[in-house]
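Enquirer: If you scroll down you'll find the structure; I have some questions about it.
Here, each number is a calculation from the coordinates, and none is a lab measurement. These numbers come from a predicted model, not from an experiment. We place every Cβ from the backbone using ideal geometry, glycine too, and count neighbours over all the protein chains shown.
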Amino acid sequence: MNFQLDDQQLMIQKIVREFAEKEVAPVAAELDEKGQFPHEITRKMGEMGLFGLPFPEEYGGSGAGYLAYAIAVEEISRACASTGITYAAHCSIGTGPIYLFGTEEQKKKWVIPCAEGRMFAAFGLTEPNAGSDAGGTQTTAVLDGDEWVLNGSKCFITNVGVGGVAVITAVTDRSKGTRGISAFIVPTDTPGFSVGQPYHKLGLKASDTREIILENVRIPKENILGKEGEGFKQFLVALDGGRISIGALSVGIAQACLDASLKYAKERVQFGQPISKFQAIQFKLADMAMKTELARLMVYKAAWLKDNGKPFSKEAAMGKLYASEICVQNALEAIQIHGGYGYMKEYPVERYLRDAKLMEIGEGTSEIQRLVIARQLGC
Amino acid sequence: MEIIVCIKQVPDTTEVKIDPVKGTLIREGVPSIVNPFDKNAVEAALQIKAAKGGKVTVISMGPPQAMDALRECVAMGADEAVLLSDRAFAGADTWATSYTLAKAIEKIGKYDIIFCGKQAIDGDTAQVGPGIAEHLGLPQVTYVQKIREVTDTGMIVERAIEGGYEVISVPLPAMIAVEKSINEPRFPTMMGTMKAHKKQIPIWGAADINASEDLVGMNGSPTQVKRVFAPERRGGGEILQAEDEAGVCVLLVEKLREAKIV
């Protein structure tokens, strides 16, 4: 066993933390308030090469690995979860499937600009009638000569309003069930591809989330990702990686809750002493710290397994499930510690709670994570 | 353009804690960083390199862990790095430190500009940069807040002074110590970070730079530290308030009488 991050990971952690503290944290509340996409921050993240962390050099990345990427997602999310989800969705489920299943040509064309931060990628899986039951996809793709013609709609899609490319799942053969689903690389400027107005959300307000409408979207035959009928299998794999990033995002929020609470508890004086001197508050802080550290360990373990080419589906689900649930708990406790002030926008903890809730829903609800774990147990 | 930047690894706190018994800095548990002003120096060097081409070499004298600070500068974009580390260097004051750095710069040989931060945030002496210039017999400009022009033979810079600045033309090679306001240091790129970790950074000892054992470290340091201590925190003072200035004067005089000062 070795629980020590290597020198490179430590340096990446330090650099991203400094960047997040200096450039991201000061504007997070304003971006949330205005529902404004972090264009400037993500431009700088692109220049620093943060989007290329999980991809090798030949595809525009730095080859630092998934654990280094998870550390970066955690640090960014600790300052601003909206920026965190933008980052995580772009790398893990937007660019990830093209990197994992694309041809050499597709990777050169799409992964490089995405890894270099010149383009955002989105993942179009969820539909109004196909959420947890992603096998129930209704969007269709029909081969017409040398082109695929896509029709249907997708909902709750992160980054599609700012993105240049989307991976879209669609039914190519309804008679085959989940084996009749395929994935396609669709440039967002293709005629017939349109997006709705940004959703009005509870939290993560600075991230871009929209509906996609596909009306006779014609793409070249070669834009299919992998082989026909492999779409379902592919997105299960992509989501495994995505869960590590949502886990890391959750750890970032959980840590932010602890940071804010500890600072407040040391400053807030009641009954003649800082409230951090009262056991009632100490116990809350101790639990928050413990849960954050446990979640971090599980997320790091899943990322480590992935980096070392070992199976990680179960661990990724466990990490995502635990981290997402404890970040909601930490956010609630953070508000409780802040009392009335915690309910106000002057303090960041109400934002943490609004942002945290999505972690239990996105990229597989907590209930789906439990199913994934149970399946791995042989149920 | 050949540029050398001298950097220092310092504890990450402006509130340096001091061991009350030993009178030394408490470094345990305090993370180390590149001295912030030195990052400005690296940034200034990288900007000149971007405009005029050439090479940026960072050097630092310190314990083996100062390698991390050098790697961070390489990650920012510096081409080469050298660590000066030797037990004989331990306990150096600013005179011995600047001598050691000057000997290393002599060994590197080719240089047009030597950049330093204006001072380190731990010792706050601002003496090492000027010391290097003196050891090497170079012109120097300290507290540089802006570089106006760089040619192959000279620079025109703005030097911060109280209430304004001087415009100074200096021939090259020269030592330039920079202010925080000169630029905004870039964040290292991830690609740069990966490269920095693969890079072999040489470690030079006293023998490698032909430094005399008598002139480095504790032996070469004329400064004798008598005592290091944290001054006691003083109370917040008292604010006198009254209707007008005359009223405040009355209150003040009363206070001074009470204290038997008047």
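Enquirer: Tell me what chain B gives for mean residue ellipticity at 222 nm when only DSSP H runs of n ≥ 4 count, each as -39,500 (n - 2.57), the sum divided by the residue total, rounded to 500 deg cm²/dmol.
Expert: Per the formula, -9000 deg cm²/dmol.
Enquirer: Where Lys and Arg each count +1 and Asp and Glu each count -1, what net charge lies around A:Gly84 among other residues with Cβ under 11 Å from its Cβ?
Expert: Working: positive: A:Arg78; negative: A:Glu74, A:Glu75, A:Asp355.
Every neighbour counted, the sum reads -2.
Enquirer: Starting from the range A:283-379, pick out the GluC sites (Glu not before Pro) whose DSSP state is loop and whose Cβ has at most 10 other Cβ atoms within 10 Å. Kindly include the intermediate steps, with their values, before the conclusion.
Expert: On the way: sites: A:Glu293, A:Glu315, A:Glu325, A:Glu333, A:Glu346, A:Glu350, A:Glu360, A:Glu363, A:Glu367; in loops: A:Glu346, A:Glu363.
Passing sites in the range A:283-379 are A:Glu346.
Enquirer: Please give the per residue volume of the convex hull enclosing the alpha carbon atoms of the range A:161-264, rounded to a whole number of Å³.
Expert: Working: hull volume 14.2 nm³, N = 104.
For the range A:161-264, the hull spanned by Cα atoms encloses 137 Å³ per residue.
Enquirer: Another question, then. Using only the alpha carbons, work out the radius of gyration and Dmax of the range B:115-239 in angstrom.
Expert: Rg and Dmax of the range B:115-239, Cα atoms, are 19.6, 61 Å.
Enquirer: Suppose the Debye formula is applied to equal point scatterers at every Cα of the protein assembly as shown; what is log10 I(q)/I(0) at q = 0.05, 0.06, 0.09, 0.10 Å⁻¹?
Expert: -0.30, -0.43, -0.87, -1.00
Enquirer: Projected onto the charge dipole of the range B:2-220 (+1 at Lys/Arg Cβ, -1 at Asp/Glu Cβ, origin at the Cα centre), which of B:Val128, B:Met190, B:Val21 gives the Cα projection farthest towards the positive end?
Expert: B:Met190
Enquirer: Hey, another quick one. Given a Förster distance of 25 angstrom, what is the FRET efficiency for A:Glu47 paired with A:Glu21, based on the Cβ-Cβ distance and rounded to 0.05? Kindly include the intermediate steps, with their values, before the conclusion.
Expert: On the way: r = 18 Å, r/R0 = 0.71.
Once the sixth-power term is evaluated, E becomes 0.90.
Enquirer: Taking all pairs of distinct Cα atoms, average 1/r, flip it, and tell me the Kirkwood hydrodynamic radius of the range A:1-104 in Å to one decimal place.
Expert: Numbers: mean 1/r = 0.0703 Å⁻¹.
Kirkwood hydrodynamic radius for the range A:1-104: 14.2 Å.
Enquirer: Taking K and R as +1 and D and E as -1, what net charge do the other residues with C-beta under 15 Å from the C-beta of B:Trp204 add up to? Please list the in-between numbers first.
Expert: Numbers: positive: B:Arg87, B:Lys103, B:Lys107; negative: B:Glu80, B:Asp86, B:Glu106, B:Asp208, B:Glu213.
With Lys, Arg at +1 and Asp, Glu at -1, the net is -2.
Enquirer: Just how far, in whole angstrom, is the range B:90-122 from the range A:211-236 if you go by their alpha carbon centroids?
Expert: Going from one Cα centre to the other spans 60 Å.
Enquirer: Something else about it: Quote the FRET efficiency, to the nearest 0.05, computed for B:Arg87 versus B:Lys198 with a Förster distance R0 of 30 Å and r equal to the Cβ-Cβ distance.
Expert: Working: r = 28 Å, r/R0 = 0.93.
Step by step, r from the Cβ atoms, then E = 0.60.
Enquirer: Also, quick follow-up: Using only Cα atoms, what is the ratio of the radius of gyration of chain B to 2.2 N^0.38 Å?
Expert: Working: Rg = 22.4 Å, N = 262, 2.2 N^0.38 = 18.3 Å.
Compactness ratio reported: 1.23.
Enquirer: Another question, if that's okay. Over the range B:42-148, how many percent of alpha carbon pairs lie in each 5 Å bin up to the one with the longest distance?
Expert: Whole-percent P(r) values from 0 Å outward: 2, 11, 21, 25, 25, 12, 3, 1, 0.
Enquirer: In nanometres, what is the gap between the two model label sites at A:Glu367 and B:Thr153, each 7 Å from Cα along Cα-to-Cβ?
Expert: The answer from the label model is 8.1 nm.
Enquirer: Under Stokes-Einstein, with the Kirkwood radius over Cα pairs standing in for Rh, what whole-number D in µm²/s applies to the range A:59-129 at 37 °C and 0.692 mPa s? Intermediate values should be presented prior to the final figure.
Expert: Details: Rh = 12.8 Å.
D = 256 µm²/s.
Enquirer: Using the beta-carbon distance between A:Glu33 and A:Gln279 and R0 = 30 Å, what value does 1/(1 + (r/R0)^6) give for FRET efficiency, to the nearest 0.05? Show your work: numbers first, answer last.
Expert: Details: r = 36 Å, r/R0 = 1.19.
After rounding, the FRET efficiency stands at 0.25.
Enquirer: Moving to a separate point now. Of A:Met344, A:Ala265, A:Ile373, which is farthest on the positive side of the dipole of the range A:234-376, counting Cα position, with +1 on Lys and Arg Cβ, -1 on Asp and Glu Cβ, and the Cα centre as origin?
Expert: Farthest towards the positive pole: A:Ile373.
Enquirer: Run through the range A:174-226 and list the trypsin sites (Lys or Arg not before Pro) located in a DSSP loop whose Cβ has at most 13 other Cβ atoms within 10 Å.
Expert: Details: sites: A:Arg174, A:Lys176, A:Arg179, A:Lys201, A:Lys205, A:Arg210, A:Arg218, A:Lys221; in loops: A:Lys201, A:Lys205.
Answer in residue order: no site qualifies.
Enquirer: Please report, in debye to the nearest 20, how large the charge dipole of chain B is about its Cα centre when each Lys and Arg carries +1 at its beta carbon and each Asp and Glu carries -1 there. Don't jump to the answer; show the numbers that get you there.
Expert: On the way: 29 positive and 35 negative charges, 142 e Å.
Magnitude of the dipole: close to 680 debye.
Enquirer: If you project the alpha carbons of chain A onto their three principal axes, what span does each projection cover, largest first, in Å?
Expert: The Cα atoms of chain A stretch 79, 46, 43 Å along the principal axes, largest first.
Enquirer: Straight distance only, please: which aspartates and glutamates reach the Cα of A:Lys221 with their own Cα at less than 20 Å, same-chain residues fewer than 8 apart left out?
Expert: Partners found: A:Glu104, A:Glu105, A:Asp144, A:Asp146, A:Glu147, A:Asp173, A:Asp189, A:Glu230.
Enquirer: With springs only between Cα atoms under 10 Å apart, run a GNM on chain B and tell me which of B:Tyr143, B:Tyr165, B:Tyr111 wobbles the most.
Expert: Of B:Tyr143, B:Tyr165, B:Tyr111, the most mobile in the Gaussian network model is B:Tyr165.
Enquirer: Which of the trypsin sites (Lys or Arg not before Pro) found in the range B:1-63 are in a DSSP loop and have at most 10 neighbouring Cβ atoms, other than their own, within 10 Å?
Expert: Numbers: sites: B:Lys8, B:Lys17, B:Lys22, B:Arg27, B:Lys39, B:Lys49, B:Lys52, B:Lys55; in loops: B:Lys8, B:Lys17, B:Lys22, B:Arg27.
For trypsin sites (Lys or Arg not before Pro) across the range B:1-63 that sit outside H, G, I, E and B with at most 10 neighbouring Cβ atoms in 10 Å, the list reads B:Lys22.
Enquirer: Pairs of alpha-carbon atoms within less than 8 angstrom and 6+ residues apart define the contacts here; what relative contact order does chain A have, in percent?
Expert: Numbers: 756 pairs, mean separation 60.9, N = 379.
Once normalised by length, the contact order is 16 percent.
Enquirer: Further, regarding this structure: Along Cα→Cβ, 7 Å out, is where each label goes; now give me the distance between the ones at A:Thr140 and B:Asp208 in nm to one decimal.
Expert: For the pair A:Thr140/B:Asp208, the computed spacing is 7.1 nm.
Enquirer: Follow-up. What does a probe at A:Val237 reach in the range A:105-128, counting residues whose amide N is under 15 Å from the point 7 Å along Cα→Cβ?
Expert: A:107
Enquirer: What number comes out for the charge environment of A:Arg370, summing +1 per Lys or Arg and -1 per Asp or Glu over other residues with Cβ under 15 Å away? If you can, show how the numbers build up before the last one.
Expert: On the way: positive: A:Arg243, A:Lys314, A:Lys320, A:Arg375; negative: A:Glu315, A:Glu325, A:Glu360, A:Glu363, A:Glu367.
Residues near A:Arg370 contribute -1 overall.
Enquirer: Label points 7 Å out from Cα along the Cβ direction at B:Leu240 and A:Thr178: separation in nm?
Expert: 8.3
Enquirer: Taking amide H positions as placed in the peptide plane 1.01 Å from N, state which residues far from A:Ala166 in sequence (5 or more) or on other chains have amide H under 5 Å from it.
Expert: Residues meeting the amide H criterion: A:Ala122, A:Val186, A:Thr188.
Enquirer: Let me ask another. Using only Cα atoms, locate the centre of the range A:1-55 and the centre of the range B:187-231, then give the distance between them in Å, rounded to an integer.
Expert: 30
Enquirer: Compactness ratio of the range A:256-361: Cα Rg over 2.2 N^0.38 Å, N = residue count? Please list the in-between numbers first.
Expert: Working: Rg = 15.9 Å, N = 106, 2.2 N^0.38 = 12.9 Å.
The value comes to 1.23.
Enquirer: Sum -39500 (n - 2.57) across every DSSP H segment of at least 4 residues in chain A, then divide by the residue count to get the 222 nm mean residue ellipticity, nearest 500. If you can, show how the numbers build up before the last one.
Expert: Numbers: 12 runs with 177 residues, N = 379.
Roughly -15000 deg cm²/dmol at 222 nm, from the helical runs in chain A.
Enquirer: Determine which residues of the range A:309-342 fall in the zone a paramagnetic label at A:Gln270 would reach in this model, i.e. backbone nitrogen under 18 Å from the point 7 Å along Cα→Cβ.
Expert: A:331-342
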